[in-house]
1. I'd like to verify a number: residues in segment 1-37 that are without any contact (Cβ under 8 Å) to a residue 40 or more places away in the chain and under 20 Å from residue 74 (Cβ atoms), how many?
2. Does residue 63 qualify as being assigned to a helix (DSSP H, G or I) and either over 27 Å from residue 14 (Cα atoms) or in contact (Cβ under 8 Å) with a residue 40 or more places away in the chain (or both)?
């Protein structure tokens, strides 16, 4: 158990941030999955804009690594461009 007030506070903050990051990361994974399963090009291109923005925000906040965000965006763009 923590002995200092500051370490107790840090534990509380870490828990809060971890739960928040977990929620945003899960939401992004679901959005990526939905985009990968889409077959309509217009729908997919609209969804791609939202997902791309979401991934950039997560990378900016260090929830996911910036290279992972770039790799996902690249693969999703390839998927969207491949649709008829």
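No value in this document is a laboratory result; all are computed from the given coordinates. Please read all numbers here as calculations on a predicted model, not as lab measurements. In this analysis, Cβ positions are derived from the backbone assuming ideal geometry, glycine residues included, and neighbour counts consider all displayed protein chains.
1. Within segment 1-37, the subset without any contact (Cβ under 8 Å) to a residue 40 or more places away in the chain is 1-20, 22-31, 33-34, 37.
Those left that are additionally under 20 Å from residue 74 (Cβ atoms): 25, 28-31, 33-34, 37.
Of the residues in segment 1-37, 8 are without any contact (Cβ under 8 Å) to a residue 40 or more places away in the chain and under 20 Å from residue 74 (Cβ atoms).
2. Working: assigned to a helix (DSSP H, G or I): no; either over 27 Å from residue 14 (Cα atoms) or in contact (Cβ under 8 Å) with a residue 40 or more places away in the chain (or both): yes.
When the stated conditions are applied, residue 63 does not pass them.
Residue-wise test of (1) out of contact with any helix residue (DSSP H, G or I) (no Cβ under 9 Å at 6 or more places or on another chain); (2) within 30 Å of residue 18 (Cα to Cα); (3) exposed (fewer than 14 other Cβ atoms within 10 Å of the Cβ).
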{"site": "28", "(1), (2), (3)": "no, yes, no"}
{"site": "31", "(1), (2), (3)": "no, yes, no"}
{"site": "42", "(1), (2), (3)": "yes, no, yes"}
{"site": "47", "(1), (2), (3)": "no, yes, no"}
{"site": "56", "(1), (2), (3)": "no, yes, no"}
{"site": "76", "(1), (2), (3)": "no, yes, no"}
{"site": "79", "(1), (2), (3)": "no, no, no"}
